[in-house]
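Every number here is computed from the coordinates shown, using simple stated rules; none is lab data. Everything numeric here is computed off the predicted structure, so don't read it as measured data. Positions of Cβ are generated from backbone atoms using ideal geometry, with glycine treated the same way; all protein chains shown enter the neighbour counts.
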Amino acid sequence: MIEKSTLSVKDTKGKYIFWDIDGTLVPYRFNGHVADPDGTENGMSLKEIDDGVFLIRKPSKRMQKIVNECQAKRNIILGHAQNQKEIDDKHVWLDRYYPDIKERLLVLDSEFKYEQILKYCKMNKIDLQDVLFIDDVIPFLRQAERHGISAWHISSFYDWGV
C-alpha cells in the first residue's frame, strides 16, 4: 500500500503540531558558504549569528498561511539553535512573524527533537496519536517515527490547498 504524500486540513485539524523553524517556517540562508568551517548545520556562520542574522530573515508566506489554516489543537515551535544568542533572536523573530504561537521549545543542536516532543507530551498528558512533527531534516523525522511520533517532511505541504 502506498501512503499518501501530502497533508490537508483533515490531517492536521485537532492535532498538536510541532513545527521546525529553519528550512520549514523560514527558508535556509546559505550565503555561499555551506562548507564554512565556522558554519552551523543551518548554513549560517557563527559570526552571522552573533551579528543577529536571524532577525533579518523573512518567513515563508506559504507556511504562515498553512499554520493559520491547519486548525491545529495547538501549534508548538520546536527549533534547534547553535547558542543562546540564536535562541534569543529566534524568540524575537517568532514574536514578529508567529505571535500567536506562544509555546516554543528552542533547544541547542546537541538535543534530540524527538526527546523534546516526548517530554512535552508526557508533561501535558498528550497521546502521541494526536501529534504531528513537521521538519525538513530526514534523520530528525526518522528518529521521531522510531519513537512513535507521526513525522512529516515539509514537502508534504507543497500541495496544501490545491
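Couple of notes before you dig in:
- With neighbours defined as other Cβ atoms within 10 Å of a residue's Cβ, the residues Val53, Val9 order from fewest to most as Val9, Val53.
- Acute angle (nearest 10 degrees) that the helix 84-97 long axis makes with the longest principal axis of the chain, alpha-carbon atoms: 60
- Placing dummy labels 7 Å off each Cα toward the beta-carbon, the span from Lys73 to Asp127 is 0.8 nm.
- Remark: the Val92-Tyr158 segment gains 21.0 nm on full extension, using 0.36 nm per residue and subtracting the alpha carbon distance.
- Dipole magnitude (debye, nearest 20) for the chain, charges at Cβ of Lys, Arg, Asp, Glu: 720
- Lys61-Ser5 FRET efficiency (beta carbon distance; Förster radius 22 Å; 0.05 resolution): 0.45
- Exposed trypsin sites (Lys or Arg not before Pro) absent: longest stretch of the chain, with sites in DSSP loops and at most 16 other Cβ within 10 Å deemed exposed: 30-72
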